[in-house]
DNA sequence: GCCAACGTTGGC
DNA sequence: GCCAACGTTGGC
C-alpha cells in the first residue's frame, strides 16, 4: 500500500509556485535524522503534501515522489539523502494550520504534535481528509 | 520580536 | 552517559 507524506518549506526559500515552474525538484538539504528516515521510506508514487511554513502556514499542493532516496549531493559529510518530488496539482483551497488544529480528524497530526519536523508521515485517513478540505482529488 | 520545543554539542 | 548551554525552527 502506498504511503503518504508531508514536506514543509518556507515559501520565501522555495515556494510551491517555484516548484511548479520547475516541474519538480530534488528535495535536498535535510539534516535531521527523523526527517531523513522518512525520506528513506518514501517510494515512487507516494503522495506528498506541500506545506508552506512561516507566513502561509497551510498545505497548498499535492505532489508525489518521483525518485526514491539517494545520497544527498549537497551533503559534504554525513549520511544524508535526497528524493525527487514532482508537483501534481495545487489545492483548490489551501488547508491552513488553524483549520487542521480545529479538525477532530487532523488535530493529532505529526504536523501539530511535532511542529519542527520538516518531513513527516501522514496517515491515509489524514491524507483523504486534507484532500477533501483542500477541494482536491488525487 | 518573542518564546517554546526540540536537537546538538561539549564539559565533566 | 548525563546534562547544561546553545542554536534553530516555527507558531504566535
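Bear in mind that the values in this text are calculations on the coordinates, not laboratory data. Note that this is a predicted model, so its numbers are computed, not measured. FYI the Cβ positions are ideal-geometry reconstructions off the backbone, even for glycines, and counts take in every protein chain you see.
Give me the number: length gained by fully extending residue A:108 to residue A:128, i.e. 0.36 nm times residue separation minus the C-alpha to C-alpha distance, one decimal in nm. Gain in length upon complete extension: 5.7 nm. As a test of the formula, what do you get for chain A when each DSSP H run with n ≥ 4 contributes -39,500 (n - 2.57) and the sum is divided by the residue count, at 222 nm and rounded to the nearest 500 deg cm²/dmol? Helix contribution divided over all residues of chain A: -7000 deg cm²/dmol. The Cα-based radius of gyration and maximum Cα-Cα distance (Dmax) for the stretch A:14-95 are 12.9, 41 Å.
Taking a point 7 Å from the Cα of residue A:89 along the Cα-to-Cβ direction, the residues of the stretch A:95-133 with backbone N closer than 18 Å to it are A:95, A:127-133. Taking the Cα of residue A:115, stepping 7 Å toward and past its beta carbon, and measuring to each backbone N in the stretch A:29-61: which are under 17 Å? Counting only backbone N, you get A:51-59. Across chain A, Cα pairs under 8 Å and at least six residues apart give a relative contact order of 29 percent. If you line up the long axis of helix A:124-133 against the longest principal axis of chain A, both from Cα atoms, how many degrees apart are they, to the nearest 10? The answer is roughly 60 degrees.
Remark on the stretch A:53-138: ratio of C-alpha radius of gyration to 2.2 N^0.38 Å is 1.22.
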